[in-house]
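Okay, structure first, notes after.
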Amino acid sequence: MDIFTLLTFTIAYAIAVLVPGPGVAAVVARALGGGFRGAFPMVLGILAGDLVYFVFAVFGLAAVAHYFGPIFVVIRWAGAAYLLYVAYKFWTARPGAEQMKPKSESALKTFLAGFSLTMGNPKTIVFYLAILPTVIPLDQMNPVAFAELTFIVVVVLLIIGCGYAWLASAAREMFRSPKALGRLNKTAGAMMATAAGLVVWQH
């Protein structure tokens, strides 16, 4: 790919990732509740979901994604239900000196939550299956161009996703008292529930 095309894609993708949506809300909520380490697997899950749609678009599988639309609806509702469960865990957690991450929450579960969130996120679907083909000449795709675009997706999403997580985690570290931590827990729970609502509402 020429530099102009790669730059155009980078800017378009960075804007799409930066715009607050269910993914951003979920990452911020996870970082508020469990710190940067608790949110990082969710960032990786969101990245994995983005890469799935990226492959769909690059290899002309938009029709396949459309054909299996009901599957993505099920994934969206399952992801929303799990986010609500995590929101409940945050809201009812008793803060203390220890990290506020729910004990039953594993890195794998957090990763899968981020993945299902992306797979059911209409903004992601629109970008990869509608906007991407207008930015990238997919008929000129080759292994080198695919590697270049994949690299951009990985780097941009990790930088922005980790940036959101780090900022939220830094804000969390400013509060040390159990009362303040309890408020952060409830804030995280409310944001996670909001993310679940956005996942269901945006269709």
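The values are calculated or read from the model by the stated rules, or taken from the named source; none is laboratory data. Keep in mind that what you see is a predicted model, and the values were worked out from it rather than measured. FYI the Cβ positions are ideal-geometry reconstructions off the backbone, even for glycines, and counts take in every protein chain you see. All accessible areas refer to the heavy atoms of the entire protein, side chains included, with ligands and DNA or RNA removed. Shrake-Rupley method; radii C 1.70, N 1.55, O 1.52, S 1.80 Å.
Summary of values
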| item | result |
| --- | --- |
| Extreme residue, farthest from the chain's Cα centre (by Cα), among residues of region 159-173 that are open to solvent by less than 50 Å² (accessible area, probe 1.4 Å) and not small (Gly, Ala, Ser) | Arg172 |
| Some residue of region 142-159 being in a helix (DSSP H, G or I) and either closer than 22 Å to Trp91 by Cβ or modelled with pLDDT under 70 (or both) | no |
| Single residue of Val86, Val74 found to be modelled with pLDDT under 75 and surrounded by 20 or more Cβ atoms within 10 Å (Cβ to Cβ) | Val86 |
| Failed criterion for Leu61 (all others in (1) open to solvent by 20 Å² or more (accessible area, probe 1.4 Å); (2) farther than 11 Å from Thr118 by Cβ; (3) at pLDDT 80 or above hold) | (3) |
| All positions within region 31-44 that are open to solvent by less than 30 Å² (accessible area, probe 1.4 Å) and either at pLDDT 85 or above or of a type in the set (A, V, I, L, M, F, W, C) (or both) | Ala31, Leu32, Gly38, Ala39, Pro41, Met42, Val43 |
| Checking Phe68 against (1) at pLDDT 65 or above; (2) open to solvent by 70 Å² or more (accessible area, probe 1.4 Å), the condition it does not meet | (1) |
| Residue in region 45-56 that is over 15 Å from the mean Cα position of the chain (by Cα), among the aromatic types (Phe, Trp, Tyr), over 14 Å from Thr124 (Cβ atoms) and open to solvent by 10 Å² or more (accessible area, probe 1.4 Å) present | no |
| Inter-residue pairs, beta-carbon under 6 Å, first in contact (Cβ under 8 Å) with a residue 40 or more places away in the chain and open to solvent by less than 20 Å² (accessible area, probe 1.4 Å) and in region 5-22, second part of a helix (DSSP H, G or I) and not acidic (Asp, Glu), 6+ apart | Phe9/Val135; Tyr13/Val156; Gly21/Lys123; Pro22/Leu117; Pro22/Ala195; Pro22/Leu198; Pro22/Val199 |
| Residues within region 105-124 that are at pLDDT below 85 and open to solvent by 50 Å² or more (accessible area, probe 1.4 Å), tallied | 1 |
| Among residues of region 167-203, those that are modelled with pLDDT of 80 or more and either in contact with a strand residue (DSSP E or B) (Cβ under 8 Å, 6 or more places away or on another chain) or closer than 13 Å to Val24 by Cβ (or both), counted | 2 |
